[in-house]
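Enquirer: Quick one: the structure is below, and I'll ask about it shortly.
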Amino acid sequence: MGIIRYTGPRRDGLVGNLASAPPRLGDRGRRRKRCRNRLSPVQRSHTLTTNPGNREEHMATSDVGSQSEEKPTGGLRLLATNAPFRALFLSRTVSYTGEAVSLVALMLFVADSTGQAIAVAVLLLVGDFIPALLGPITGAISDRFDLRRVMIVCELVQGATLLTITLSMPQLPLLLVLVAARATGGQVFMPTSRAAVPALVRGRDLESANSSIGFGANGAEAVGPLLAAALLPFLGLQGVLFGAAAAYGFSALILLGLRPLPSVREERESTSLLTDAKEGMGYIWSVSAVRVIAMGFCVVVAFNGIDDVALVLLAKNTFDAGDSAVGLLLSAVGIGLLVGYALLARYGMRGSTVVLLLLGFAVSSLGNLLTGLAWAVAAAFTLQAVRGIGIAAMDVATNTLLQRTVPARMLGRVFGNLYGAVGVAAGLSYVGGGLLLDVTSAPVTLVIAGVGGLVATVAVAVTLPRALRRGRAAGEGVGPEG
């Protein structure tokens, strides 16, 4: 780690009575001391190098050159040696396992009790798309309160609502309300847990940390349905739902192992939640680097999110294969995701994070384009597995870049808005892609999706490096490109 020199005014330059008086912290100094626990070691050292009159806006990591002098810690070693980060990792993994298990049980309950496919579709819509619309609010909650406390409350809310469902097994209208409440708790938990990462690890370890978290969450989502299938014959629907509710409670207990992560809010701030949410949306739009990253991610998702539906039709109509081929193709991306996260967690990022982001965008889009040209199930499976590695890369790079470029006091709102926008983009992709599938075919749809994603990748490649340089020159709190 390079030596960080303090470039601000020296105390020994004071004159008069202040020369012998004990030093007093100014308002900014008191705020920094009170919020010090929220910042990682690299973020704390970086605040000493920035303009003293604007320090609270620069809670990013130090120069990339100084970071490169020490080798990043691998994901396994990070989990073994960093107890607070390990607690966050375990909490998220347990939470997402409970969510995946409960989703299977709830879908089966709705299908059995209503006998209508549309009811299952509405359940998924309420659980995924509707909470995404609350992204600005959920992110504002993350920035407003202690992060550990917010995560614990979110887990308790999710566990309580799922326990209520388990004990009452209500009719569909009430069930949808309870599912929406649970999903909203999860929507708050997601940006809050991501915003907590920079406070728990060093700046050079962000890639490994984000990769480990991604591996745990996606592994839980893959294992969850299998676990539900294994438990249902023995415990029944209510028993499985009770176990999922208990998982949220266990996740909350794990989070008690974290130290407090107080909100990085200015002492004079006294604003409403809606005002904070509006400020978060305004920040994303006003800071060009953050805007380019968020828009690029959402556009790539909007083009490529239809792949799940397209792969079903590709297997059945184009390859004239059976249900087993459909399952094989749908599993390919998940396998690639786990491989990608594992590689990034093990080896970290040796080069620029911007390059990793662009590679992720390009590989995830090119994978769909080439899948549309594939001649057999085996070829499509291989391409989709490689595409999964690209999705892991774009996820890790996006989270790492935002954690390095966004001030800590705004990080929850940025993640909340991003995840909300991504959910909306995925919903639009299902609608637009579904219409395109009806008028064309699965191969044509996949090619169009891939081309659109590649165009978005080129646009980000042209604009993002320039936006990062301009942001650093303007003092927007933008950190290093790498």
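The values are calculated or read from the model by the stated rules, or taken from the named source; none is laboratory data. What you see is a predicted model, and the numbers here were worked out from it, not measured in a lab. Glycine gets a Cβ as well: all are built from the backbone with ideal geometry, and neighbour counts include every protein chain shown. Ligands, DNA and RNA are stripped out before the accessible areas are found, and what is left, the full protein with its side chains, is counted by its heavy atoms. Shrake-Rupley method; radii C 1.70, N 1.55, O 1.52, S 1.80 Å.
Enquirer: Which of the peptides 150-163, 203-216, 273-286, 123-136 is most tightly packed, and how do the rest follow, judged by the mean count of other Cβ atoms within 10 Å per residue? Please list the in-between numbers first.
Expert: Numbers: 150-163: 22.6, 203-216: 25.9, 273-286: 16.6, 123-136: 18.9.
Ranking the peptides 150-163, 203-216, 273-286, 123-136 by packing returns 203-216, 150-163, 123-136, 273-286.
Enquirer: Would you kindly derive the ³J(HN,Hα) couplings of region 424-432 from the backbone phi angles with the Karplus curve 6.51 cos²θ - 1.76 cosθ + 1.60 (θ = phi - 60°), listing them in order in whole Hz, with x for Gly and Pro?
Expert: Ordered by residue, 3J(HN,Hα) equals 5, 4, 5, x, 5, 5, 4, 5, x Hz.
Enquirer: Seen from all sides and averaged, what is the projected area of the convex hull of the Cα atoms in region 296-349, in nm²?
Expert: Details: hull surface 19.2 nm².
Answer in nm², one decimal: 4.8.
Enquirer: Still on this structure: Under the 0.36 nm per residue contour assumption, what length would be gained going from the current alpha-carbon distance of Ala459 and Arg77 to full extension?
Expert: Working: separation 382, 0.36 × 382 = 137.52 nm, distance 3.68 nm.
So the chain would gain 133.8 nm between Ala459 and Arg77.
Enquirer: Now for a separate question. Less than 10 Å Cβ to Cβ from Ala247, Lys/Arg counted +1 and Asp/Glu -1: what total charge do the surrounding residues give? Numbers along the way, then the final one.
Expert: On the way: positive: none; negative: Glu99, Glu155.
Here the count lands on -2.
Enquirer: Also: What list of ³J(HN,Hα) values in whole Hz, one per residue of region 388-395 in order, does the Karplus curve 6.51 cos²θ - 1.76 cosθ + 1.60 (θ = phi - 60°) give from phi, with Gly and Pro shown as x?
Expert: x, 4, x, 5, 4, 5, 5, 5
Enquirer: As an exercise, use a Förster radius of 35 Å and the Cβ-Cβ distance of Val339 and Ile118 to find the FRET efficiency, rounded to the nearest 0.05.
Expert: Working: r = 36 Å, r/R0 = 1.03.
E(calc), rounded to 0.05, equals 0.45.
Enquirer: Given Cβ point charges of +1 (Lys, Arg) and -1 (Asp, Glu) and nothing else, what value in debye, to the nearest 20, does the dipole of region 249-359 about its Cα centre take? Don't skip to the end; give the middle numbers.
Expert: Numbers: 8 positive and 9 negative charges, 75 e Å.
For this selection, approximately 360 debye.
Enquirer: So for Arg466, Arg291, Arg404, Arg259, what's the accessible-area order with a 1.4 Å probe, most first? Write out the running numbers ahead of the final one.
Expert: Numbers: Arg466 120, Arg291 60, Arg404 5, Arg259 80 Å².
Final ranking, largest accessible area leading: Arg466, Arg259, Arg291, Arg404.
Enquirer: Enter the Cα centre distance for the pair region 375-396 and region 209-279, rounded to the nearest angstrom.
Expert: Centre-to-centre distance over Cα atoms comes out at 27 Å.
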